[in-house]
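Scroll down for the structure; my scribbles are underneath it.
The values are calculated or read from the model by the stated rules, or taken from the named source; none is laboratory data. Because the structure is predicted, anything quoted here is derived from the model rather than measured. Don't worry about glycine lacking a Cβ; one is built from the backbone with ideal geometry, like all the others, and counts go over all protein chains shown.
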Amino acid sequence: MINQKNINRIFFIFVVVGFLNVLPVFSQTGGELFMENRCSRCHTIGRGRFVGPDLYDISKKYNKEQVNAWILNPETVYSQTNKKPYNPGYPPMPQLGISEHNAELITNFLFNNDIKRQKEDDGVIEGVLINESSGVGAEGNDIYLKSFIGDRLTDEKLQITDASGKFTFKGLSWVNSYSIKIKHKGLEYETAKMVFPPDKGSIDLKLPLFETTDNDSEIFLNLNHEILSVEEKTVSIAEIYDFENRGNKIYVGKQGDNNLRRTLKFYIPSNAVNLRFEEGLDNENIKRERNIVYDSSGFPPGRKRVVLTYDVPLEFGKNLIEKEIMSDVSTLLLLVDDEKGAVEVSSLNELEPVTIENKNYQRWSGNNLKSGYSYTIIITSRSLSLKYLDLFPIIIFAALFLSVFIIGLITRTENKKKDNTDELLLKRDKLLKSIIELDEEYNKNSISESVYKTKRLNLKNYIVEIDQKISSIKDHQNDTL
């Protein structure tokens, strides 16, 4: 289901990947930029509607200036037309962070290409599996083709490589993304997701097989970028890693207590929620043990970009997010969307702020950090503090009122009225405790806002009824004095 929270999260991920591309591809053509900037994840050209509209014959609907405006800043188009989304039945287009030069190249590609309409389910993914140790095709290996719509796995097909190590999958839908999973000597490893280029009906692959190793001496972390977006009750965190296996073997890691291999590992706060790998790793191969997240899949030679996102709930006052480097890293960069100045970072070097998409980001960095190096992110949730501080006078007044009332009851003779008052006060205390617990659940995002408001109103009404009964008993006792 597409809701505003999902749209905000998608927008956050697009900004993260768009502005901190740690593995840049220096594309020169609009077609390459169309693929590089993930346009093909939502749009086809002549292959039917997808997440977004089919862009075939776009020149018959819009001029170049309009399309260029869409690519540069869709929010401007929504504001000018007062329509969001612009096309009914499609989600709003996210901000992609594309430069004016690249936007112009993509626009020119959309208006000037030789792409023809193509029938559905006619895509082909083929390739060869090479044993790099022997230099020949790997015969008899299982090859799995996984099909996705968005992040949802929809199908999985199996083929076995022929005597030359070749495989072919035909009749594939244009609007799906695909990955290849290989099983070899008890190991599984998988390619990144692929989509068909708009001007090609086939994808040709050359996939290598390697011998295995559990020695991590050839595993390096070149870059680690972290981006924090601070909201009232939550901080959303995205971490981007650029790993590199500089050896000639698949790194399979050490075997853990649960018989699972541990290859790449990541340190996260113990209270992190909504954890998800957006790129580079399969969430099915991820295991979490409190602050540590492990990947159990093999890491072949080459570079791997990993994008990890999660949320951390914010409590009243200061929130400490402890972080630890799990692998030696050449460069660590921390960006914080912090308009209120509520964030501090220890053990990293503070840099000049930077502006991205009209937002100011605070920056901290570290170079040549060793595994085990730790730093702390301190977030003061000021809006929450003010909200709770506003309640202090009410709480103090209520406490004084209850104290005076209870002392008065103790000095009076024991009677049935006193017993009834004690019961009412006990019920009232339980209801107040229930409200506090309900507030804590809501601040931790354990319940929805609508359920929270309904329950809190009911509890408040019960307390009002009890207060009225207590007041009535007190008035009666005053009349008898």
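Tell me yes or no: at least one residue of the range 107-115 is aliphatic (A, V, I, L, M), in contact with a helix residue (DSSP H, G or I) (Cβ under 6 Å, 6 or more places away or on another chain), modelled with pLDDT of 85 or more and farther than 26 Å from Ser147 by Cα.
Checked the range 107-115: at least one residue is aliphatic (A, V, I, L, M), in contact with a helix residue (DSSP H, G or I) (Cβ under 6 Å, 6 or more places away or on another chain), modelled with pLDDT of 85 or more and farther than 26 Å from Ser147 by Cα.
Say whether the condition of being within 24 Å of Cys42 (Cβ to Cβ), surrounded by 15 or more Cβ atoms within 10 Å (Cβ to Cβ) and not polar (S, T, N, Q) is met by at least one residue in the range 211-218.
no
Return only the number of the condition from (1) buried (at least 20 other Cβ atoms within 10 Å of the Cβ); (2) in a loop (DSSP other than H, G, I, E, B) that Glu315 does not satisfy.
All conditions are met except number (1).
Could you run through the range 228-271 and say how many residues are among the small types (Gly, Ala, Ser) and either within 30 Å of Glu211 (Cα to Cα) or free of Cβ contacts under 8 Å to residues at least 40 places away in the same chain (or both)?
4
Can you name the residue in the range 415-453 that is at pLDDT below 80 and polar (S, T, N, Q) and is also surrounded by the fewest Cβ atoms within 10 Å (Cβ to Cβ) among such residues?
This residue is Ser450.
Would you be able to tell me the number of residues in the range 454-468 that are of a type in the set (D, E, K, R) and loosely packed, with under 15 Cβ neighbours inside 10 Å?
3
Report yes if some residue within the range 239-259 is under 15 Å from the mean Cα position of the chain (by Cα), assigned to a loop (DSSP other than H, G, I, E, B) and either modelled with pLDDT of 90 or more or more than 29 Å from Thr355 (Cβ to Cβ) (or both); otherwise report no.
Within the range 239-259, not a single residue is under 15 Å from the mean Cα position of the chain (by Cα), assigned to a loop (DSSP other than H, G, I, E, B) and either modelled with pLDDT of 90 or more or more than 29 Å from Thr355 (Cβ to Cβ) (or both).
I'd like to know if the range 289-305 contains one or more residues that are on the phi > 0 side of the Ramachandran plot and either surrounded by 15 or more Cβ atoms within 10 Å (Cβ to Cβ) or assigned by TED's automatic domain parsing to the domain that holds Leu153 (or both).
no
Select the helices (runs of 4 or more DSSP H) contained entirely in the range 1-89, then report the ones holding at least 3 residues which are modelled with pLDDT under 80.
The qualifying helices (runs of 4 or more DSSP H) are 4-19.
Given the conditions (1) farther than 28 Å from Lys146 by Cβ; (2) more than 17 Å from the chain's Cα centre (by Cα), which single one is not true for Tyr267?
Every listed condition holds for Tyr267 apart from (2).
Within the range 184-195, does at least one residue satisfy the condition of being touching an Asp or Glu at 6+ places or on another chain (Cβ under 7 Å) and β-branched (Val, Ile, Thr)?
Scanning the range 184-195, I find no residue that is touching an Asp or Glu at 6+ places or on another chain (Cβ under 7 Å) and β-branched (Val, Ile, Thr), so the answer is no.
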